[in-house]
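Colleague: Sharing a structure here in structure tokens format.
The values are calculated or read from the model by the stated rules, or taken from the named source; none is laboratory data. What you see is a predicted model, and the numbers here were worked out from it, not measured in a lab. We place every Cβ from the backbone using ideal geometry, glycine too, and count neighbours over all the protein chains shown.
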Amino acid sequence: MPEWKDLFAALTTLVASFAGAWAAFTFESHRRKREKEERNVGAGNRAIYTVYSQWNVLEQYRKEVLEPFRTRDDAWLNMAAHPAAPTSAD
């Protein structure tokens, strides 16, 4: 029959192994979650920048091409049918 000391040592080793594995799993899970959040923040920032760049080009087009004809009754006749497309110097 095993001694209580031997049984206690085996049980302690088993609990310590489980605690170490659980801590490693938890740490890795938090690390992956943090990395995913950082990637999502980066993707969101790139999307905001892209939308702002597109809005900026369209706003410039509105000011330079559309606004001069906005109050004119004959805008449909005088405004160019195919104005130069706005370009960006990216």
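Colleague: Inspect all residues belonging to the range 54-61 and state whether any of them is under 30 Å from Met79 (Cβ atoms), acidic (Asp, Glu) and surrounded by 10 or more Cβ atoms within 10 Å (Cβ to Cβ).
Modeller: Scanning the range 54-61 turns up at least one residue that is under 30 Å from Met79 (Cβ atoms), acidic (Asp, Glu) and surrounded by 10 or more Cβ atoms within 10 Å (Cβ to Cβ).
Colleague: Look at Ala9 and say whether it is over 38 Å from the mean Cα position of the chain (by Cα), part of a helix (DSSP H, G or I) and at pLDDT 90 or above.
Modeller: When the stated conditions are applied, Ala9 passes them.
Colleague: If you don't mind, there's one more thing I want to ask. When both residues are 6+ apart or on different chains and their Cβ atoms are under 8 Å apart, which pairs have a first residue that lies in the range 57-70 and is farther than 15 Å from Ala81 by Cα and of a type in the set (A, V, I, L, M, F, W, C), and a second that is modelled with pLDDT under 90 and surrounded by 11 or more Cβ atoms within 10 Å (Cβ to Cβ)?
Modeller: Taking only residues 6 or more apart or on different chains, the pairs are Val57/Pro86; Leu58/Pro86.
Colleague: Give the range 70-90 a look and list any residue that's of a type in the set (A, V, I, L, M) and either farther than 24 Å from Val51 by Cα or at pLDDT 85 or above (or both), or say none.
Modeller: Ala75, Leu77, Met79, Ala80, Ala81
Colleague: Using beta carbons and a limit of 9 Å, which pairs, at least six apart or on different chains, have the first residue in the range 28-56 and at pLDDT 95 or above and the second one not polar (S, T, N, Q)?
Modeller: Ser53/Asp90
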